[in-house]
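The values are calculated or read from the model by the stated rules, or taken from the named source; none is laboratory data. This is a predicted model, so every value here is computed, not measured. Neighbour counts run over all protein chains shown; Cβ positions are idealised from the backbone, glycine included.
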């Protein structure tokens, strides 16, 4: 149902790699969120004034911060969709991540203020006034937030947007927060237990946790994260689908914002192959990566000597010894020279406790015990993929 409606409203809907489609999805979600959050702020503020409950009033201002977050989302999608220019040749896509971070900071600010007011209410121990109208308004707001959480999550998946994913998480925390506030009002009325301040504090903790998680999720792509393992597998399958390409290593994906990614990878090819033919194969693979994944790809050719039994035996030995250091370790760029000289790079995960020098020395020592005449030159890389 949602897909049918969005398909009518948004040209190229369903294409998260299309900047215009992503912008339209973001503007629609942000606009709806802004309107509904302002409405919920007004509704909950009225309920808070009726009951005198700090938890209800604080929950209202939580929705006001959500409205500010929706406004930031609107601005973020609008700015992120700008075309690349001379000063920003990779586009403006990371503005969306900054918008998500701003939303997260607003959430954290509301959590801190709510916590402060809740502690003050606990110390004053002032009772809240039960009101059937206030209860009805809070129940209505819970229903609205449930729908908003579903809507943001659905739009976030379709647009592959971390900002909308953060908004969905915030909406879900709002449902829990308002439910706790409603339960507190009922407990105060029916059991004469003053829980308003304590529940306000609980709501503050929930809001702070949501803000922290949202900030982490938007900071990660700004700092740089490994590409999705499923996408890495698809990339390898596509590139290695060309029989002239024997292996891949040093795969790196640079994220300049949703739909704006660049990648580089080293492709091993036969050393005795035709340079022109191999260049054409690499060009085709780069075009296919652009068409399928929206990646601006650069593939570097690494020539590999084939059919040399001695080199193949040493390569297999080095691979086995590297896996003794870590089962996930791999080697590449293996070359054999004269007088026992061999050179290669070993790739180890970041969680290996050994330093690069210790990895190099350990592998060289293992190799020397097995091949005393071997003189290795070993480079150490850390894997850029999970």
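A few points about this structure:
- In the set (1) within 28 Å of residue 159 (Cα to Cα); (2) within 23 Å of the chain's Cα centre (by Cα), the condition left unmet by residue 239 is number (2).
- Note on segment 174-205: residues that are in contact with a helix residue (DSSP H, G or I) (Cβ under 8 Å, 6 or more places away or on another chain) and touching a residue at least 40 places away in the same chain (Cβ under 8 Å) total 20.
- From 349, 243, residue being out of contact with any strand residue (DSSP E or B) (no Cβ under 6 Å at 6 or more places or on another chain) and under 16 Å from residue 381 (Cα atoms): 349
- Flag if residue 289 is modelled with pLDDT of 90 or more, assigned by TED's automatic domain parsing to the domain that holds residue 245, in a helix (DSSP H, G or I) and over 31 Å from the mean Cα position of the chain (by Cα): no
- Filter pass, residue 270 being surrounded by fewer than 17 Cβ atoms within 10 Å (Cβ to Cβ), in contact (Cβ under 8 Å) with a residue 12 or more places away in the chain, within 15 Å of the chain's Cα centre (by Cα) and farther than 26 Å from residue 108 by Cα: no
- Which numbered condition residue 176 misses (of (1) surrounded by 18 or more Cβ atoms within 10 Å (Cβ to Cβ); (2) over 20 Å from the mean Cα position of the chain (by Cα); (3) within 17 Å of residue 58 (Cβ to Cβ)): (1)
- Any chance residue 70 is surrounded by 19 or more Cβ atoms within 10 Å (Cβ to Cβ), assigned by TED's automatic domain parsing to the domain that holds residue 153, under 19 Å from residue 149 (Cα atoms) and in contact (Cβ under 8 Å) with a residue 60 or more places away in the chain: yes
- Any hit, segment 357-369, residues being surrounded by fewer than 17 Cβ atoms within 10 Å (Cβ to Cβ), in contact with a strand residue (DSSP E or B) (Cβ under 6 Å, 6 or more places away or on another chain) and farther than 23 Å from residue 227 by Cβ: yes
- All positions within segment 301-319 that are over 17 Å from residue 248 (Cβ atoms) and either surrounded by 16 or more Cβ atoms within 10 Å (Cβ to Cβ) or outside the structural domain of residue 242 (by TED's automatic domain parsing) (or both): 311, 314, 317, 318
- Residue in segment 153-163 that is at pLDDT below 80, surrounded by fewer than 20 Cβ atoms within 10 Å (Cβ to Cβ) and not in a helix (DSSP H, G or I) present: yes
- Yes/no for residue 322 being outside the structural domain of residue 99 (by TED's automatic domain parsing), buried (at least 16 other Cβ atoms within 10 Å of the Cβ) and either without any contact (Cβ under 8 Å) to a residue 24 or more places away in the chain or assigned to a strand (DSSP E or B) (or both): no
- So residue 55, is it within 30 Å of residue 200 (Cβ to Cβ), in contact with a helix residue (DSSP H, G or I) (Cβ under 9 Å, 6 or more places away or on another chain), in the same structural domain as residue 160 (by TED's automatic domain parsing) and modelled with pLDDT under 75: yes
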